[in-house]
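Take a look at the structure set out below.
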Amino acid sequence: HKARPVGLGTITLGWATFIGTHIAMSHPPNRKRLINYMGERNFLSVYSLVSFATLVPTTYLYVKYGRRQGPLLARHPIIGRIISAIGTATLSQVIIQPILAKSDPSIDNDPNEARGIYRITRHAMFFGLSCIGIGQMLKLGHLGDFLYFAGFPLFWIIGSMHQDYRQKIEGTETPEYFERTSLIPFHAILTGKNSLSKSLDEMNPGAAAGAALLGLLL
């Protein structure tokens, strides 16, 4: 497929704008100034609006100009579907865990202790989205697909590192929480700082299985 350079370039520019505005607005000094100026609720509204205004046009440009466009770089549909399934299963636990915590008063809400999927990685949402991105890159395989879907794992790394930095500066998570969890999946478990068996016990297997099936079909 012959790619349109302008379209592919704007996809890259769109991701750069999305990530850049996120980092700039959430950087602790900037975030504090903006919240003091407009209030936290208005800040969150503007933050969400900027996200929408940058990611949605980027996605539109990908669908119009980038999907299956450009040279075929690497195509492994089966591996791609499996990785996408890991991503959707992860996101299912991100969605359902707060619901379970509210519905079960026996759950200990110790701020120093991660639960469920967060024992595997404290940035489960970013990780889940990155798996879907990597999976779609491998499933579709063209340059345009790589340029768009590579933004998800890129944002996982950059966004997670910056969120850790901000939370440590602002003290929204305790030092003990950071000590017991990890950005890289399974690192805290492999180093003996957390427990895989506890993580699995605290997850909802039905939701994970259903979401994984959806991921296989993406």
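The values are calculated or read from the model by the stated rules, or taken from the named source; none is laboratory data. Every value quoted in this text rests on a predicted model; they were computed, and no experiment measured them. Cβ coordinates were reconstructed from backbone atoms using ideal geometry, including for glycine residues, and neighbour counts include every protein chain displayed. The area values use the complete protein model at the heavy-atom level, side chains included, leaving out ligands, DNA and RNA. Shrake-Rupley method; radii C 1.70, N 1.55, O 1.52, S 1.80 Å.
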Ranked highest first by average number of other Cβ atoms within 10 Å, how do 91-97, 174-180 line up? 91-97, 174-180
Give me a comma-separated list of calculated 3J(HN,Hα) values for region 27-43, in order, Karplus coefficients 6.51, -1.76, 1.60 applied at θ = phi - 60°, integers in Hz, x for any Gly or Pro. 4, x, x, 5, 4, 5, 5, 5, 5, 5, 7, 10, x, 5, 5, 5, 4
Considering just Cα atoms, how many Å³ per residue does the convex hull of region 66-152 enclose? 88 Å³
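Once the cut-off is 24 Å, how many percent of the Cα-Cα pairs in region 90-218 end up in the long-distance tail?
For region 90-218, the share of Cα pairs beyond 24 Å comes to 34 percent.
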Quickly estimate the mean residue ellipticity at 222 nm for the chain, helices only: each DSSP H run with n ≥ 4 gives -39500 (n - 2.57), and the total goes over all residues, rounded to 500. -23000 deg cm²/dmol
Placing unit charges on C-beta atoms (Lys and Arg positive, Asp and Glu negative, everything else neutral), compute the dipole magnitude of the chain about its Cα centre in debye, rounded to 20. 980 debye
Between rounded, prolate and oblate, where does region 1-123 land on the alpha carbon gyration tensor, with a ≥ b ≥ c its root eigenvalues, rounded for a/c under 1.5, else prolate if a/b exceeds b/c? oblate
Compute from the Cα atoms of region 176-218 the Rg and the Dmax, the latter being the longest Cα-Cα distance, and quote both in angstrom. 13.3, 39
Apply the Karplus parameterisation 6.51 cos²θ - 1.76 cosθ + 1.60, with θ equal to phi minus 60°, to every residue of region 90-104 and state each ³J(HN,Hα) to the nearest whole Hz, in sequence, with x for glycine and proline. 4, 5, 4, 6, 4, 6, 7, 4, x, 5, 5, 5, 6, 7, 10
Using a 1.4 angstrom probe and counting only protein chains, how large is the accessible area of Leu143 in Å², to 10? 50 Å²
Any idea how far apart His27 and Leu214 come out in nm if each label point goes 7 Å out from Cα toward Cβ? 3.6 nm
May I have the extent of the alpha carbons of the chain along their three principal axes, as whole Å values ordered from largest to smallest? 57, 47, 31
Just to check I understand the Karplus step: with θ = phi - 60° and J = 6.51 cos²θ - 1.76 cosθ + 1.60, what whole-Hz values come out for region 189-206, glycine and proline as x? 6, 5, 8, x, 8, 8, 10, 5, 4, 5, 4, 5, 4, 8, 8, 9, x, x
